[in-house]
Amino acid sequence: MQGAETHSSEPAVDVAARRLRHWKRLVDAWLASYLADEERASLVVAAEAGLLIGDLRRFVLGGGKRLRAALVYAGYLACAPLTSVMEVALTPGAGAVELLHAFLLVHDDIIDRDDFRHGVPTVHASLRSWFAEHYAEEASERYGRSLGLLTGDIAAMLAVEVLSQLPFAPALVLHALRVMTRVAVSTGFGEALDVLAERQPEVSTERALLIHEYKTAKYSIEGPLHIGAVLAGASDEQLAGLSRFALPFGVAYQLQDDLLGVFGDEVLTGKAVGADLREGKRTPLVTMTLERAEGSVLRELLGDSHLSPEGITRARQLLRDSGALAECQRIIRSSIDQAAGALGGTTLRQEGQEFLRGFLVAMTVRSA
């Protein structure tokens, strides 16, 4: 029996949404139990060690769609039947991907100097407050960042440890570990390019899309899919088919995220609208505008950490008037079509293909 029963008359997007809710429950329960155990074990070392794991636990369980965890299950489903027994065996692997995600988010928040994510304090901000309460206030910024970096490092190593202990054939586990470490390396390259783009006077739209491929598509979509597929014993052809689906999907997903960061509802997204503009991020939405007549005015607004609501409204209008918003929406539609088309002609299981098509729609046509 499948872990999440399917109904042939049900629209693919509804089937995907139901599976996502089911898998999210599994992973959330596993993460809560695992991190509680880790926190108890860390207290044997020292109270401060427990502080780091406790804050990691708060951060990981504080929200999130579990997109990457779901794609681990989906990758397996695309290559082998996903029974309830196999779901249980696979859940720590899905949890490991979420721990890797936490590591990257913790470090990303430090790089971007973000104090809140989804309305709650980021790890370094929380640890900064703890340090200020116990030690010198004037040193809290430095030590909050330092403790945050260490917490992120711990999350990364926990992810590796969990994945290495999965109850699958050793060769499959080793292959999955190689996939996960390569995901981390690729994301590091994408993050570095993203950081440097903020200081470079000219960043092409081609470079901005390359950053999205390495910072998002490989890490959020392709990597988790491959981990699940590898554990299912996927062939090289199946992995290649998943990549052809994942990369345009990842670009569409991140472009939609860019649009929500400027035009979205802050209550729904959990992210301060206009934050990317204040940070001067060179997203494709921005680079397209900078390459056009409206670019000179937008350039004056970008990177202003105190950009007013009126300034954000002005920037939004420039992004519309330049045609960049419409062009990004066109690329999103084209990428969705490319990803959906890539599934045809592969040897991926039909049930997995149907889920991925529904998932594609659910994740790229969204308001949060």
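The values are calculated or read from the model by the stated rules, or taken from the named source; none is laboratory data. If you're wondering where the values come from, they're calculated on a predicted model, not measured in any experiment. As a convention, Cβ positions derive from the backbone with ideal geometry for all residues, glycine included, and neighbour counts pool all protein chains shown. Quick note on the areas: whole protein, heavy atoms, side chains included, nothing else; ligands and nucleic acids left out. Shrake-Rupley method; radii C 1.70, N 1.55, O 1.52, S 1.80 Å.
Restricting to the stretch 53-76, count the residues that are open to solvent by 30 Å² or more (accessible area, probe 1.4 Å) and within 17 Å of residue 15 (Cα to Cα).
Total meeting the criteria: 1.
Identify, from the list 118, 107, the residue that is crowded, with 20+ Cβ neighbours inside 10 Å and closer than 23 Å to residue 35 by Cβ.
107 is the lone residue from the list that is crowded, with 20+ Cβ neighbours inside 10 Å and closer than 23 Å to residue 35 by Cβ.
So which residues in the stretch 114-141 are assigned to a loop (DSSP other than H, G, I, E, B) and of a type outside the set (Asp, Glu)?
Of the stretch 114-141, the ones assigned to a loop (DSSP other than H, G, I, E, B) are 114-115, 118-119, 122, 135-136.
Residues satisfying the conditions are 118, 119, 122, 135, 136.
Listed here are the residues, each with its yes/no results for (1) touching a Gly at 6+ places or on another chain (Cβ under 7 Å); (2) within 30 Å of residue 169 (Cβ to Cβ).
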{"position": "230", "(1), (2)": "no, yes"}
{"position": "236", "(1), (2)": "no, yes"}
{"position": "275", "(1), (2)": "yes, no"}
{"position": "299", "(1), (2)": "no, no"}
{"position": "307", "(1), (2)": "yes, no"}
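For residue 110, all conditions in the list (1) more than 22 Å from residue 191 (Cβ to Cβ); (2) in contact with a His (Cβ under 7 Å, 6 or more places away or on another chain) hold save one; what is the number of the exception?
Failing condition for residue 110: (1).
If residue 50 satisfies all but one of (1) free of Cβ contacts under 8 Å to residues at least 12 places away in the same chain; (2) open to solvent by 30 Å² or more (accessible area, probe 1.4 Å), what's the number of the condition it fails?
Evaluating residue 50 over (1) free of Cβ contacts under 8 Å to residues at least 12 places away in the same chain; (2) open to solvent by 30 Å² or more (accessible area, probe 1.4 Å) leaves (2) as the failure.
Of the conditions (1) without any contact (Cβ under 8 Å) to a residue 12 or more places away in the chain; (2) part of a helix (DSSP H, G or I), residue 211 fails just one. Which one is it?
Exception for residue 211: condition (1).
What pairs come out if I take residues in the stretch 264-286 that are farther than 17 Å from residue 63 by Cβ and pair them with residues that are modelled with pLDDT under 80 and open to solvent by less than 30 Å² (accessible area, probe 1.4 Å) whose C-beta lies under 7 Å away, six or more apart or interchain?
Correct list of pairs: empty, since none qualify.
Go through the stretch 279-315 and give me each residue that's assigned to a helix (DSSP H, G or I), open to solvent by 20 Å² or more (accessible area, probe 1.4 Å) and not charged (D, E, K, R).
Step one: of the stretch 279-315, the residues assigned to a helix (DSSP H, G or I) are 279, 284-290, 295-301, 309-315.
Checking which are open to solvent by 20 Å² or more (accessible area, probe 1.4 Å) leaves us with 279, 290, 296-297, 299-301, 309-310, 313-314.
Residues satisfying the conditions are 290, 296, 297, 301, 309, 313.
Among the helices (runs of 4 or more DSSP H) contained in the stretch 3-93, which hold 3 or more residues that are more than 19 Å from residue 231 (Cβ to Cβ) and small (Gly, Ala, Ser)?
The helices (runs of 4 or more DSSP H) meeting that bar are 12-42, 47-60.
Which pairs turn up if I take residues in the stretch 191-203 that are over 20 Å from residue 106 (Cα atoms) and look for partners that are open to solvent by less than 50 Å² (accessible area, probe 1.4 Å) and at pLDDT 90 or above with beta carbon separation below 7 Å, at least 6 apart in sequence or on another chain?
197/211; 197/282; 203/282; 203/287
Are any residues in the stretch 215-259 within 21 Å of residue 326 (Cα to Cα), more than 15 Å from the chain's Cα centre (by Cα) and open to solvent by 20 Å² or more (accessible area, probe 1.4 Å), and if so, which ones?
none
Identify, please: which residue in the stretch 263-278 is surrounded by 20 or more Cβ atoms within 10 Å (Cβ to Cβ) and outside any loop (DSSP other than H, G, I, E, B) and is, among those, modelled with the highest pLDDT?
Checking each candidate, the answer is 277.
Does residue 320 satisfy the criteria of being open to solvent by 60 Å² or more (accessible area, probe 1.4 Å) and basic (Lys, Arg)?
It is true that residue 320 is open to solvent by 60 Å² or more (accessible area, probe 1.4 Å) and basic (Lys, Arg).
Within the set of pairs 6 or more residues apart or between chains, which connect a residue that is in a helix (DSSP H, G or I) inside the stretch 94-105 to a residue that is open to solvent by 10 Å² or more (accessible area, probe 1.4 Å) and of a type in the set (Ser, Thr, Tyr) with Cβ atoms less than 8 Å apart?
95/34; 104/219
Show the residue pairs that are 6+ apart or on different chains and have beta-carbon atoms under 9 Å apart, the first residue being within the stretch 225-240 and farther than 22 Å from residue 66 by Cβ, the second being in a helix (DSSP H, G or I) and among the charged types (D, E, K, R).
none
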